């Protein structure tokens with residue numbers, strides 16, 4: 001579930017100061033790290049990017065897919081797209097994409113990270129692994145505690161039948 005837990009202390013503090021959820025800080029920091037690693041591992045990638053080569057289009061498509069999916073997920077969660085919702089959730093969302101993964105928004109951010117593989121599969125995999133680990137042990141862990149406290153048995157039942165990412 002989304003926008004309702006606490007993340008790593010630095011990201012959580014940034015969220016309080018800016019109104020941007022810690023998951024966003026973590027996601028885009030991992031993307032930036034993957035991007036920098038790509039340029040380090042594949043110097044020709046920087047030249048291709050400067051020429052706005054095919055790889056740039058693939059990366060932009062990955063980012064666009066992510067944002068389009070977020071809009072859809074927010075509709076499923078019945079959130080107003082113009083507001084930030086970082087407090088306690090009002091209801092447990094278990095239908096639609098949330099029936100496949102408890103964290104479909106976080107899962108979908110793997111698409112922009114994977115798009116870095118056009119230039120460097122190693123950089124993409126490194127960024128993806130870092131993102132999954134950081135999100136799992138900071139943001140998601142906090143959200144799961146909050147959801148279990150708020151929704152009790154209903155959340156525990158949902159948690160038992162729906163994987164955190166795509167696999168249990």
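Every read-out reported here was derived from the displayed coordinates using simple, explicitly stated rules and does not represent laboratory data. For clarity, every value in this text was computed on a predicted model and none was experimentally measured. Note: ideal-geometry Cβ built from the backbone for every residue, glycine included; neighbour counts use all protein chains shown.
For segment 17-59, build the convex hull from the C-alpha positions and give me its volume per residue in Å³.
It is 89 Å³ per residue.
Expressed in nm to one decimal, what extension gain is obtained for the pair residue 64 and residue 32 from 0.36 nm per residue of sequence separation less their Cα-Cα distance?
Working it through step by step, the gained length comes to 9.9 nm.
Per-residue counts of other Cβ atoms within 10 Å, averaged by peptide: what ranking do you get for 39-47, 57-65, 128-136, highest first?
128-136, 57-65, 39-47
Rounded, prolate or oblate: pick one for segment 109-153, where a ≥ b ≥ c are the square roots of the eigenvalues of its C-alpha gyration tensor, a/c under 1.5 means rounded, and failing that, prolate if a/b is larger than b/c, else oblate.
prolate
Could you tell me how far the Cα centroid of segment 20-61 sits from the Cα centroid of segment 150-167, in Å?
33
Sort 111-123, 137-149 by the packing proxy (mean of other Cβ within 10 Å over each peptide's residues), most packed first.
Ranked by mean Cβ neighbours within 10 Å, highest first: 111-123, 137-149.
Which log10 I(q)/I(0) values, to two decimals, does segment 94-168 give at q = 0.17, 0.18, 0.22, 0.27 Å⁻¹ under the Debye formula with one point per Cα?
-0.68, -0.75, -0.98, -1.25
How large is the convex hull of the Cα atoms of segment 30-154 per residue, expressed in Å³ as a whole number?
Looking at segment 30-154, the number lands at 114 Å³ per residue.
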